[in-house]
Amino acid sequence: MRNWSVDTTELKKDKKQYAIWRLEQMVNFGLDGEKISREEIKKYWKILDLDSNKKNYLKMILWPKQS
């Protein structure tokens, strides 16, 4: 994943904020061949700012309804 508009060296100083930012970027703008950690998505789920359609899709995958 490449992002030219953010200084990631400063962002990496706060591990939680960097993890949240990175997940949001990957989901909203593409993975560029990388994989997303299911555990990280679940860990930060409530505070992730994601596109609503993508968030609904991920919700179906991560927490399928029990039959």
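The values are calculated or read from the model by the stated rules, or taken from the named source; none is laboratory data. Predicted model, so just to flag it, every value in this text is computed and none were measured. Because the Cβ atoms are built from the backbone with ideal geometry, glycine has one as well, and the counts that use them run over all protein chains shown. In case anyone asks, the SASA skips ligands and DNA or RNA and just uses the protein heavy atoms, side chains included. Shrake-Rupley method; radii C 1.70, N 1.55, O 1.52, S 1.80 Å.
Some notes on this structure:
- Of all the residues in the range 17-28, those that are loosely packed, with under 14 Cβ neighbours inside 10 Å and in contact (Cβ under 8 Å) with a residue 12 or more places away in the chain number 1.
- Within the range 47-58, tally of residues that are open to solvent by 70 Å² or more (accessible area, probe 1.4 Å) and under 21 Å from Gln17 (Cα atoms): 4
- Criterion (surrounded by 12 or more Cβ atoms within 10 Å (Cβ to Cβ), at pLDDT below 95 and of a type outside the set (Asp, Glu)) met by exactly one of Ile61, Ile36: Ile36
- Lys13 exposed (fewer than 11 other Cβ atoms within 10 Å of the Cβ), outside any helix (DSSP H, G or I), free of Cβ contacts under 8 Å to residues at least 12 places away in the same chain and within 13 Å of the chain's Cα centre (by Cα): no
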